[in-house]
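Report on one structure; see the data block that follows.
The values are calculated or read from the model by the stated rules, or taken from the named source; none is laboratory data. From a predicted model like this one, the values you see are computed outputs, not experimental measurements. Here Cβ is always computed from backbone atoms with ideal geometry, including for glycine, and neighbour counts include all displayed protein chains.
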């Protein structure tokens, strides 16, 4: 199964989690930082799930009507037949479905996920081996600097300023790369004085190239 890795905005969008156990909890915890409106339906719901804020919890078996209006569904019930039923209904209705441990029933795969602030890295083996995805996730996470979230926040804040200063796309892309490399060397975003010095240096280099 080969899936294209779309990155989709799910903040505020309705989604259904079928199941109330450990597997469902893992999926919920990965989704919550992205802000969807999650409904959990299961006859029994773990205390860990019940303690999570912002969930709509339905303590009963899954019903087909639960799919109404949902953007996507995670079928993580302990009963595989329930997951298969939900997956079949989602396919009929054009609702995105991830059925745990059943790649053939899925219309999207849940990746091994590395998240650092605004950066998200999703890894999938196409259902071949979750162990490979988890291994690569750990390797990538170990490569990322500890303050990457601060660097990303800094780059996002200065992006409009650099776009205005550098309207030419090639020069702007090169400047962004250089600024990111400088931040990585420092292990943080630049101070206002450091950014000003960096911009003066960049301007001097451009002037020298122009002459």
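At-a-glance table
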item	result
Condition met for residue 176 (surrounded by 11 or more Cβ atoms within 10 Å (Cβ to Cβ), under 27 Å from the mean Cα position of the chain (by Cα) and modelled with pLDDT of 90 or more)	no
Odd one out for residue 135 among (1) touching a residue at least 12 places away in the same chain (Cβ under 8 Å); (2) assigned to a helix (DSSP H, G or I)	(1)
Per-region count, region 179-201, residues in a helix (DSSP H, G or I) and touching a helix residue (DSSP H, G or I) at 6+ places or on another chain (Cβ under 6 Å)	1
Any hit, region 51-69, residues being buried (at least 19 other Cβ atoms within 10 Å of the Cβ) and either under 19 Å from the mean Cα position of the chain (by Cα) or closer than 17 Å to residue 6 by Cα (or both)	no
